[in-house]
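This report refers to the structure that appears directly beneath it.
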Amino acid sequence: MPELPEVETVRRSLLRLVGRTVARVATSGLALRAPVDEKRLARACAGARVDGVRRVGKYLLLDFSRGDVLLAHLGMSGRFLFADGDAPREPHTHAVFALDGGGELRYVDPRRFGFLRACSADEVAESPELRALGPDPLSRAFTVDGFADALSSSRTPIKSFLLDQSRIAGLGNIYASEVLHRAGVSPRRRADRLGRARAERLHRAIVEVLAAAVSRRGTTFRDYVDADGARGGNQFHLAVYDRAGEPCPVCNAAIRRVTQGARSTFYCPACQR
DNA sequence: GCATTACCCTGAAAGC
DNA sequence: TGCTTTCAGGGTAATG
C-alpha cells in the first residue's frame, strides 16, 4: 500500500534513471485505473533521456528530455522494478521501458489500481489529477495556518479528512492512523472541532511520522518494495495500525479497530481524545 | 455543496 | 483437502 513515504522511497530508487535514455516502450494493453495510451507513452519516452524524477503526494513524475512527463500512480499494488532485459517478466507486468545500454524499468500492478499517462509539461501542471491535490505535507506549502483553516471548514471525521487527497496529498490508511495516535487525537473527532492546540499537534505529527517513515524507507506490509526490490523497515515501528487487541505502546490500553468510510481505523481509546 | 457509498481489481485469508 | 466467499484499500463517480 504505497503512501507518501513508500512513493518517496521509490522515487529515490528511480533517481539512477536520470541520464539514461529509453529505447522503446511496450504495454500489456490492459487498462489500469484508466486505459494506458501506449502510442502517447512511446512518443514521450522512446528515444528520450530521463532528466528528473519528482513526487507530488502519491504521484511520481518522470521528466523526459523532449519536455514530456510520465505521470504515474502506484495505486494499491503497483511497483516500478529494475530488471535485466532477458529476465522473465513477473505476472501483471503492464509497462516495460527498455533502456539504452541494457536493462529495463518495468511497471507491475496485480490489482491494476495504478495509473500511467504521458503528457506535456504544460498539460501535467493542469492535469486534473495534480490540480485536485492539496499541499504535500513534506513541502513548504504545508503550513500550520493553512492546515488549521482547512480543518475549520470541514465537518467530516478527522480520519476521513486526512485521507482526502484534496486536503493533504500523501497520507493513506496506515499513516492516517499512526499520525492520529502520535497527536493523541480521536479518529472520530470532527475536523472543525479540533481546536488550535490539536491542529498544531496534528500538523507536527504528520510531518514527524512521514519523515521517520521516509528515513526507514517506507512500510512493507504485504508486497511493497522499491525499484530495487528492497523492502521497507517502518513496519516494525507502527504504534497502532493492524494491531487491534494489542497494547498501546504509550499507555498499554487495548488498541481498537473501527470502520470509517469503508476503511479500517486503528486507535487507542485511552490516549486519543 | 458537502459527505458517504459503490465500484474497479486480484491475492490472501477465512469459511464451509 | 479443496473449493467458495470475504476482505483489503487507492481513487473516482454516483448517490444521499
Check: Hey, what do the phi angles of the stretch A:158-172 turn into as Karplus ³J(HN,Hα) couplings, whole Hz, using 6.51/-1.76/1.60 and θ = phi - 60°, x for Gly and Pro?
Finding: 4, 4, 5, 4, 5, 7, 6, 5, 7, 8, 9, 9, x, 7, x
Checklist line | Full-extension gain in nm, A:SER215 to A:ALA270, via 0.36 nm per residue minus C-alpha separation | finding: 16.9 nm
Check: What FRET efficiency do you get for A:ARG140 and A:GLU90 if R0 is 35 Å and r is their Cβ-Cβ distance, rounded to the nearest 0.05?
Finding: 0.35
Next item on the list: Can you run the Rg to Rh ratio on the stretch A:141-242? Use alpha carbon positions and the Kirkwood inverse-distance Rh.
Entry: 1.00
Check: Label A:ASP228 and A:SER152 with points 7 Å out from Cα along Cα→Cβ: what is the distance between them in nm?
Finding: 4.7 nm
Next item on the list: Give the calculated FRET efficiency between A:ARG43 and A:SER166 to the nearest 0.05, with a Förster radius of 45 Å applied to their Cβ-Cβ distance.
Entry: 0.90
Item checked: Other-chain or far-sequence residues with amide H under 5 Å of A:ILE168's (modelled H) -> A:GLY134
Check: P(r) for the stretch A:67-151: what percent of alpha-carbon pairs falls in each 5 Å bin, starting at zero?
Finding: 3, 12, 16, 15, 17, 14, 11, 6, 3, 2, 1
Item checked: Where only C-alpha atoms are counted, convex hull volume of chain A per residue in Å³ -> 122 Å³
Checklist line | Estimated FRET transfer efficiency (A:THR259, A:ARG24; beta-carbon r; R0 35 Å; 0.05) | finding: 0.15
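So which helices of chain A fit the span-like rule, where a helix is a whole DSSP H run, its Cα atoms reach 27 Å or more along the axis, and its mean Kyte-Doolittle is at least -0.5?
A:195-215
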Next item on the list: Quote the charge dipole size of the stretch A:168-255 about the Cα centre in Debye, to the nearest 20; the model charges only the Cβ of Lys and Arg (+1) and of Asp and Glu (-1).
Entry: 460 debye
Note to self: Considering only C-alpha atoms, what is the centroid distance from the stretch A:172-211 to the stretch A:53-79, in Å?
What the structure shows: 28 Å
Checklist line | Relative contact order for chain A, counting Cα pairs under 8 Å that sit 6 or more residues apart, in percent | finding: 19 percent
Item checked: Built amide H within the under 5 Å cut-off of A:GLN260, gap 5+ -> A:THR265
Notebook entry, point to check: Where the eigenvalues come from the Cα gyration tensor of the stretch A:1-117, what are the semi-axes √(5λ) of the equivalent ellipsoid, largest first, in whole Å?
Noted result: 19, 16, 14
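Laboratory data are not the source of any read-out in this text; all were calculated from the coordinates shown. Since this is a predicted model, take the numbers as computed values, not measurements. Don't worry about glycine lacking a Cβ; one is built from the backbone with ideal geometry, like all the others, and counts go over all protein chains shown.
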